[in-house]
Structure formats: structure tokens, C-alpha cells
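The values are calculated or read from the model by the stated rules, or taken from the named source; none is laboratory data. The model shown is predicted, which means the values in this text are computed figures rather than measured ones. In this analysis, Cβ positions are derived from the backbone assuming ideal geometry, glycine residues included, and neighbour counts consider all displayed protein chains. Quick note on the areas: whole protein, heavy atoms, side chains included, nothing else; ligands and nucleic acids left out. Shrake-Rupley method; radii C 1.70, N 1.55, O 1.52, S 1.80 Å.
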Amino acid sequence: MNTGALMAAASATSVNKDMETSMERLSTGKRINSAKDDAAGVAIASRLSSEIRGTNQAIRNAQDGQALINTAEGAHKEIENILQRMRELAVQAANDTNDSTDRSNLQAEFTALTTEIDRIAGATTWAGQDLLTGAGGGSSDGTFNLQVGGNTGDVDKITVSISAMTTAALGASDTTVAASDAATAVLTGDFSDFDLTAVDADVTVTIDGVDLTVDAADATSLDDIVTSLNANTDNTDWTFSASGTDLIATAKTEGATVSTFTVTGGGTEDLTATTLGTAEVQEAATDGITFGDIDAAVTLTIGGETFTTTGTSFADVAALASDLQAVGVTGFTVSSGADKLILTATAPGVQAGNFTLGGGGAESTEVAAGAVTKATTGVDATGLTVTETTAGADAVTAAGAFDISTRDAALASIVLMDAAISTVNTQRAELGAVSNRLDNTVSNLTNISINLEGGRGRIEDADFAAESTSLAKSQILQQASTAMLAQANASKQSVLSLLQG
């Protein structure tokens, strides 16, 4: 047996395998080209690949988030420029060198700028998502979650909230008219679009955070709904009534508050998002006057006008209210409560301001009655209008009048513009802070990605110096083994010569 030849052949085979491995690693640049090269290394490298790719995508997510924020912030800047101009117009309109025609001209620009704010708020989008209406984000509430990590924990996201920048949202700043400020608060909801006879599921009225349920069987008419609501033991602050197609909620006490007034349910009729009418809030007290002792004329001063009535006929507040209504108080209806004289504006925009009761003789001379600080569907003493609200919104939030047609309205608008500008500036500051935070986030993620790449490379990348040396060694050994195989075969030639004879 030619043992030497067999050994030389085996060595040649082994050397060829090592040489092929070195060539594969040098050609691919990878130390691990299949699981047999390093079973554990393959798994580790795969996990690192997931982290690297997730981190790199998180970097792009953060940069997209910055672009979204920059888009919103650019619109905020333009809205602020508009508000600054509107404030300038309000200051100009407050000057009595302007007559009504001048103020009408100023109002025209003021109104146009108001329209432009709403247009910008509605037109500013990012990839189809609204940014300035308060309806963007994954939950459609203005909240955007930026995925800035490759995993699912809270540390892998940054949340940014972008509030609505419409005129209604800006005008509502610090002008909430709550029922707690009023003797009576009336909220109305229109049922004209619904066939209540077809309701086939329970109806829920939510008011001041309290859900009041009306069984489907008791919701076949508006009167039935009223009856059920008034009988509900969870309803402690409100008396419900119906007027035409309106469901009316009236506060029972001065302490009643309102955050929402919505109607939902109804089954196939779906009463969700019932439109609410204007929030009606009345306030005016006459405490301090003993009407039974009045022995002289009584005067009511409201809206710059003074009305005089004969005081000797007033045995109670109701008589006073009736008499004042009879003498021509315009713009308001006059009614009475147990100890109150209630003035209710008859239309939006009616200015009330302070009102006083004077006269009445020795018993009640010049007794101040207070202020109509929250006038029904109208304007309070600072010129802020209670406007129409919709279901789910704050039912008694006052949106700004955005009016400079009179000196008083212009002065009120200056205050309103200051509040609106402050709202915009606060939002811009918050977005700027998040944008700066994202800069740090991107830097950190980039550093993480670089180090992860290095770690993966040390596991699966080929060492070119080592592999080149190994290849050279394998090539030398291949040549040597081939030479030895040839010599081993030649050493047995003498056997052949003997066989040949």
C-alpha cells in the first residue's frame, strides 16, 4: 500500500478546504458566511442587525418629527404676525379720532385677518395630517407620538402636542364662561335632525361629566327624554325642559358647572354629535334694596342708557322687572329671581357692561346692582362673545368677539389679542423645546448605531490580514502536498518494473 501517497492526498484535501474558506472570507469580507462558521455568532449578529436597523429608522423618524414640528412652527410664526397686526388695528380703533366709518374700515381688515388665521390653521398639514386644528396625530386630538427607538417602551417615544390655532381656540383663551359665575345657565341642544320615534337603543346625555341614561323606551319623543332626565337620581344640578326641537338644561343653583353637554346613543338614529345652541348665561343681583320700602323713583342704568320708573308701586322684584320692561329697556329682557333682577341679552353682540339701580328714596339711594358680567348669547363687560358650541366641546366657553367696531370692543380686543399672542408663543416655545430635544435624540441614536455597527463587525467581518496570511500558507502547503504526492507515487515505480519482467 502506498501510505505516503494516501497521506499526501489527505493533506492536499485539507489544505484545499482551508484555502477555499480563506478565499470565501476574502471575497465576501465576512468571517461568518453560514451558521457552520460560528453558530452563536450568527445569532448575536442577527440581534445586532435588528438593533442597528431599528436605530437607523428611529433616526429618520426623529428627523421626520423635526420636519413636522418645523412645519407647524412656521405656521405659528405667521399666525403671530397676523395677531400682532390685529392688535395694532385694535389699538388704532380704540382712538376716538376714528368715527364709525373709520372703524368699519378697520373692522374689514380685522375680519379678513381673522379669516386668514382660520385658513392657515386648516391648510397647514403634514403628509395629510392636520397640524393646527387640534385634530391631527394618531388619536386625532393633536397628539403626535414620535417613535425614536427601536423597541416598544415609553423611552422609545417622544410625545408632542400641537394645539388648535383657530380663531375660536385663540379667542377662548382665559374667557371661559362657567355656570358657577351665573345665577342661571341655559344650554340648548337641537334635535331637529332626528326621528326620535325610531330610537332603538339607550340615549345618554352627558352634562358636567355626569352620564344620564334614558332608556330607549323613554326616548321616543323629546318630552319623554325630558321626563326621564328630570327623574334621574344622578341629576342633581340641572332641570331639563323642551322648546321646539331643543333640549334645554337649566342650572338649579349658582354653583353648577359645565364642561360638556352632549347627547349620544339612540341606535340606528345615532344621536351622537347633536349640535348645541348658544350657551346662555345670566347674572345680575339686586341685593341690598328693600323694594317694599321704596318711596321714590327708581333708575336703571344699562348700556349707557338710564330708565326711570315710579318706585312707589314696587312691592317686590317681579313688579320692578315688569315695570322696567314696560319703559323700553331695549336689547334685553328683564325678569326676576327670588332676590335678583335678571337681564338677558336678546341677540349676540348686545353690550351690557355694568348696570346700576339708583334712587328709591331714603331706604335705597344709589344702590349698585352689579354687572351683567356674562350676558346671554351676547357680550360681557369686556366684550367677549359667547358663541355657538358643538357636542363634546366646552358648552360655555366664550370665544373672542374679534370686534373693533366700537371703542369698548377695540379695548376688549387688545386684551384678547394679548391672550392669543401669549397662547401662540407658549405653543411655539413648547415645539422649539421638543425640536431641540430631537437634536440630542438624533445625536445619541447616531452614536448608538455607530457602536452597534462596530460590535457587529467584530463578530462577522473577516480579518483581511489574518485571512491573507492563511491563504498564502494554504497555497504553499497545497503546492508542497502536490509535490509530495508526486514523489510518493514515483517511489513505487520499481514495483512496476518487476511486474514488467
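Values as computed for the structure displayed
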item	result
Some residue of the range 85-108 being touching a Lys or Arg at 6+ places or on another chain (Cβ under 8 Å), within 15 Å of L132 (Cα to Cα) and either in a loop (DSSP other than H, G, I, E, B) or at pLDDT 95 or above (or both)	no
Looking only at the range 1-33, and only at residues there that are of a type in the set (A, V, I, L, M, F, W, C) and outside any helix (DSSP H, G or I), the one that is farthest from F464 (Cα to Cα)	M1
Qualifying positions in the range 46-76 - open to solvent by less than 20 Å² (accessible area, probe 1.4 Å) and under 14 Å from L131 (Cβ atoms)	G65, L68, I69, A72, A75, H76
Residue list for the range 168-212, restricted to those being open to solvent by 20 Å² or more (accessible area, probe 1.4 Å), assigned to a strand (DSSP E or B) and at pLDDT 75 or above	T204, T206, V210, D211
Members of the range 213-241 found to be assigned to a loop (DSSP other than H, G, I, E, B), open to solvent by less than 60 Å² (accessible area, probe 1.4 Å) and of a type in the set (S, T, Y), listed by number	T220, S221
